[in-house]
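The values are calculated or read from the model by the stated rules, or taken from the named source; none is laboratory data. Just so it is clear, the structure is predicted and the values come from calculations on it, not from any experiment. As a convention, Cβ positions derive from the backbone with ideal geometry for all residues, glycine included, and neighbour counts pool all protein chains shown. Just the protein is used for accessible areas: all its heavy atoms, side chains included, with ligands, DNA and RNA removed. Shrake-Rupley method; radii C 1.70, N 1.55, O 1.52, S 1.80 Å.
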Amino acid sequence: MQARHILIAGAGIGGLATALACHRAGHQVQVFEKSAQLAALGAGIQLGPNVTRILHRWGLQDALRQTASFPEALTVRSAQTGANLGQLRLGKTIEQRYSAPYATLHRADLQSLLVQALQQSGGPAVELATGVESLTQDASGVHATLQSNNGARPLRHADLLVGADGLWSRVRALVNADGAPVNTGHVAYRCLLRLDDLPPGMRRVLAGPDLAKTITVWLGPKLHVVHYPVHGGQWLNLVLILETPQEPGSADWAMQVNPVELARDLKPLALFTPLRDLLLAPVDRPGEKSDLGQDGHQGVGKYSWQKWQLHRRVPLRSWRQHALGRVVLVGDAAHPMLPYLAQGAGMAIEDADALALSLQGEGSVPLQLESFARARWQRNARVQARSMRNGEIFHASGMVRWGRDVAMKLLGERLL
């Protein structure tokens, strides 16, 4: 194997995972991030066995155990009546079936875990406040002009460039020029709650005996709610996704929510009373900070809501949308996932692992990246499409909703 010099644009989950995988494989890696700090946008992350298996192979099993939660069940319920629609056993059942666990954790915890692993293995530090301005490539390598917040415009040369710079990827715009993501009209409201602050009665009604060991999905017409434990089971990640009239603007990042706005959006919804009470619980203590901010991440763990406009791209149609010459896209830069299959972080980590493997192969860099893209694009496209389809199923009404509920009752775990 020939060691490669790799530039990675973006220090989110995909960029850090790619840096770690490639550094472990013996490559020289440089990571730069356009933000001035490593802010962990979002809140909770679910990692299926397809992902935890990779993290274990990277030697992160103990680190994951220290910070993640490992729910024992996923329960689906009606957001209107509270009725149980179906359940999937997780915990030991999943771990025995797939030889790896199902985990939930805070995005900041996963990001910190990857940063620490990179540092402990002698990897590079992330260069902050630095993004890609332009790039060219030829037989000698890829040449990227960077843009720093201090006005500097350094030029970097490498064997390849990895675009891991997210949904609004600058690298993708430079190599694919295929337009901006499309607003779905769905809005995700996210919040973190300390489990000990929820009344015991509410906890029992919401998830039976132990809210800290259950992923619960509530389905309703044009909406769904999901909550699950993070940060070692001490906190609850709470997400409400609503179909709303499209709002102006293209930003998908977090916007602070006025409590009055959330209460207004909830008022016309026919929600199960304990679920409504849970959604309004964060409104009672706006702005109170948690101890989750100790790792330096900003905006984490506040007792208030933030919201995101959800955007999508058409599923990948060709391997050429994944790689072009010496430039390769990973994670949301290549295949942004709607949050209806809980595989956004998972596909980014799979990409990282597959890219490091492809770079061990024979041939030139363009051939290695083509090999990676051919191996990944169909799976990523399939998960993209299934995520979109799940959104339709989750938010169904009328006969489709009735058929969904009957199917879950009859088929149970097999369907889930």
What nm distance separates the two modelled labels at E392 and Q37, each placed 7 Å from Cα along Cα→Cβ? 4.2
How are the Cα pair distances of the range 73-125 distributed, in percent, across 5 Å bins from 0? 5, 16, 12, 12, 15, 15, 10, 6, 4, 4, 1
Calculated over the range 300-416: convex hull of Cα atoms, volume per residue (Å³): 161
Taking Y98, Y228 and ranking on accessible area (1.4 Å, protein atoms only), highest first, one gets Y98, Y228
Inter-site label distance for L367 and N149 at 7 Å from Cα along Cβ, in nm: 4.3
Suppose R0 equals 25 Å; then what is the FRET efficiency for Q66 and A375 from their Cβ-Cβ distance, rounded to the nearest 0.05? 0.20
What is the projected area of the convex hull of the Cα atoms of the range 307-371, averaged over all directions, in nm²? 4.9
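I need to check one value: relative contact order of the range 108-154, counting alpha carbon pairs closer than 8 Å and at least 6 residues apart, in percent.
On the way: 37 pairs, mean separation 11.3, N = 47.
Contact order relative to length: 24 percent.
When averaged across all projection directions, what area in nm² does the alpha-carbon convex hull of the chain cover?
On the way: hull surface 79.0 nm².
Mean orientational projected area (the chain, Cα hull): 19.7 nm².
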Solvent-accessible area per residue, Å², over the chain with all protein chains present [probe radius 1.4 Å]: 43
For M1 and K409, extending 7 Å from Cα along the Cα-Cβ vector and measuring point to point gives, in nm, a value of 5.3
Among 89-95, 346-352, 380-386, 234-240, how do they line up from the highest to the lowest mean number of other beta-carbon atoms within 10 Å? 346-352, 234-240, 380-386, 89-95
Between the alpha carbon centres of the range 222-236 and the range 45-99 the gap in Å comes to 12
Compute the relative contact order of the range 1-154 as a whole-number percentage, counting only Cα pairs closer than 8 Å that sit 6 or more residues apart in sequence. 28
Can you pull the semi-axes for the range 6-101, root of five times each eigenvalue of the Cα gyration tensor, sorted largest first, whole Å? 33, 19, 10
Summing -39500 (n - 2.57) over the DSSP H runs of n ≥ 4 in the chain and dividing by its residue number, what mean residue ellipticity at 222 nm do you reach, to the nearest 500 deg cm²/dmol? -10500 deg cm²/dmol
Where q = 0.16 Å⁻¹, what log10 of I(q)/I(0) comes from the Debye formula for the range 19-67, counting one point per Cα? -0.70
Rounded percent of accessible protein surface that carbon and sulfur make up, the chain, 1.4 Å probe: 51
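Percentage of Cα-Cα pair distances in the range 106-190 greater than 18 Å, rounded to whole percent? Before the final figure, lay out each step's value.
Details: 2170 of 3570 pairs.
Tail fraction, whole percent: 61.
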Contact order relative to length of the chain, as percent, for alpha carbon pairs under 8 angstrom and 6 or more apart: 22
